[in-house]
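Just so it is clear, none of the values below were taken in a lab; they were calculated from the coordinates. None of these values were measured; they are calculated from a predicted model. Backbone-built Cβ (ideal geometry, glycine too); neighbour counts: all protein chains shown.
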Amino acid sequence: MRGSRRKRTQREAYPRRLSGGQSPLLYVIVATGNIYEDVVQARAAARQGADIIAVIRSTGQSLLDYVPFGATTEGFGGTYATQENFKIMRAALDEVGESLGRYIRLCNYCSGLCMPEIAAMGALERLDVMLNDALYGILFRDINMQRTLVDQSFSRMINAYAGIIINTGEDNYLTTADAVQSAHTVLASQLINEQLAFRSGLPSSQLGLGHAFEMDPEIEDGLLLEWAQALMAREIFPEAPLKYMPPTKHMTGNIFRGHVQDALFNLVGVASGQGIQLLGMMTEAIHTPLIHDRQLALEAARYIFNNARHLGDELMFNPEGKMVARARQVLDEALDLLRDVRSKGLFQAIAEGEFADVKRTLESGKGLRGVVLREQDYFNPLEDALRAALKLDEADAGHVARESEEINA
């Protein structure tokens with residue numbers, strides 16, 4: 001815990017010397033499979049204007065029930081999350097950040113299996129942002145819901161203590177479900193994720209709740225509907241550094257149209273005051289973006305953000321218009337869904353496919369063998385110390401574990 005607190009103190013000292021960037025923060029990814037090549041690309045992205053560098057994990061790591069060790073050079077579709085890789089990338093970003101006069105944030109993943117272990121690694125190596133969402137793991141990686149919700153509770157305590165912003169994965173719901181018809185499921189899940197985060201000690205300032213610009217671009221007034229939802233999220237979660245995701249589902253390979261779609265996404269992001277903007281790439285539907293694709297994305301985002309920086313402050317919306325009506329509709333549908341979840345329980349709601357049109361059961365998925373009932377005299381000194389530091393009582397910290405016990409009984 002001392003090492004984690006020391007790293008948090010170091011992070012909090014950087015803004016006193018270096019610029020921290022303006023919201024929405026420009027977030028880009030590197031994913032070569034080789035940590036040393038990732039460093040080259042990350043430094044280039046920082047020089048091109050990126051504020052956050054996310055190192056995508058190697059395909060399938062979220063399903064490993066152990067953490068690989070050391071520096072790695074043979075990832076597939078991404079680079080393994082290891083403590084040594086975290087250390088290498090953190091040092092590289094600190095070096096380039098000092099030369100640029102900007103603090104460059106580092107993001108990685110503690111979703112999937114091994115959530116607490118990887119969260120601890122991130123705390124020790126001063127990561128700034130970590131993807132942390134049990135619901136994403138349940139729905140899209142088929143990880144057992146009992147296992148991952150318990151893991152999430154403890155891993156978020158570590159994130160909270162370390163001052164790490166978490167990102168959640170509600171944006172992925174719209175890749176399997178229709179963005180117009182299922183928008184309310186995103187909001188309902190955000191509200192559930194917020195409460196689970198609070199129970200682990202995470203404040204609103206560390207909640208990068210996810211949502212996305214994913215409607216079919218052929219819809220008439222689709223921009224108005226997207227803008228309405230982005231503003232709605234901003235108003236409902238005013239203190240959260242919301243993570244806004246770019247269009248992917250309806251990218252076609254037409255790079256010119258794709259660049260325009262990304263431009264509209266960037267306009268909505270800055271006008272609605274999003275916190276973290278993961279930049280879209282015009283070649284999204286063709287290949288893993290090349291360095292020059294990323295440079296064009298960063299140039300376009302900087303241009304739009306600069307020219308529309310205070311656009312949102314200048315606009316008033318028709319209270320009887322389409323945007324307000326859309327926001328009200330989504331909110332009403334989300335409240336209905338939450339009432340349904342309250343009546344049947346979260347586990348049953350997931351089993352019935354309420355989120356992302358994906359169904360999972362209580363006993364299905366990977367990692368269930370790692371779940372055991374606590375004995376009456378169970379003692380975890382680290383959990384107790386975290387709970388005390390975060391001013392959590394046992395009822396908050398153990399709610400998920402006890403819910404599992406009651407269901408199993």
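The Cα center of the stretch 140-192 and the Cα center of the stretch 64-91 differ in position by 23 Å. Here the contact order of the stretch 116-234, divided by its residue count and restricted to Cα pairs under 8 Å and six or more residues apart, works out to 27 percent. Across the chain, the fraction of Cα-Cα pairs farther apart than 36 Å, rounded to a whole number, is 21%. Rg then Dmax, both in Å and based on the Cα atoms of the stretch 111-188: 13.4, 42. Put simply, when 99-112, 32-45 are sorted by average Cβ atoms within 10 angstrom per residue, most first, you get 99-112, 32-45. If you look at the Cα atoms of the stretch 230-350, you get an Rg and a Dmax of 17.4, 51 Å. Less than 15 Å Cβ to Cβ from Ser204, Lys/Arg counted +1 and Asp/Glu -1: what total charge do the surrounding residues give? Combined, the nearby Lys, Arg, Asp and Glu give +1. FRET efficiency for the pair Thr175 and Ala44, taken as 1/(1 + (r/R0)^6) with r the Cβ-Cβ distance and R0 = 35 Å, rounds to 0.80. Compactness ratio for the stretch 149-206: Cα radius of gyration over 2.2 N^0.38 Å (N = residue count) comes to 1.24. Its relative contact order, with pairs defined as Cα atoms under 8 Å and 6+ residues apart, puts the chain at 17 percent. Below 8 Å, C-alpha to C-alpha, sequence gap of six or more: please give me the relative contact order for the stretch 254-303 in percent. Once normalised by length, the contact order is 40 percent. Rg/Rh for the stretch 52-147 stands at 0.99; both radii use Cα atoms, and Rh follows the Kirkwood definition. Between Thr79, Ala385, Ala92, the Cα set farthest toward the positive side of the dipole of the chain (charges on each charged residue's Cβ, about the Cα centre) is that of Ala92.
Basic side chains Lys and Arg get +1 at the Cβ, acidic Asp and Glu get -1 at the Cβ, and with that the dipole of the chain about its Cα centre reaches some 1340 debye. The alpha carbons of the stretch 23-79 stretch over 36, 22, 17 Å along the principal axes, in descending order.
Taking every DSSP helix (H) stretch of at least 4 residues in the chain, weighting each as -39,500 (n - 2.57) and dividing the sum by the residue count yields a mean residue ellipticity at 222 nm of -15500 deg cm²/dmol.
Counting only residues at least eight positions apart within a chain, or on another chain, the aspartates and glutamates with an alpha carbon under 19 Å from that of Lys243 are Asp51, Asp128, Asp133, Glu170, Asp171, Glu194, Glu214, Glu226, Glu235, Asp262, Glu284. The modelled label-to-label distance for the pair Ala351/Ser205, using points 7 Å beyond Cα in the direction of Cβ, is 4.1 nm. If you bin all the Cα-Cα distances of the stretch 321-372 at 10 Å, starting from zero, the percentages per bin are 22, 36, 26, 12, 5, 0.
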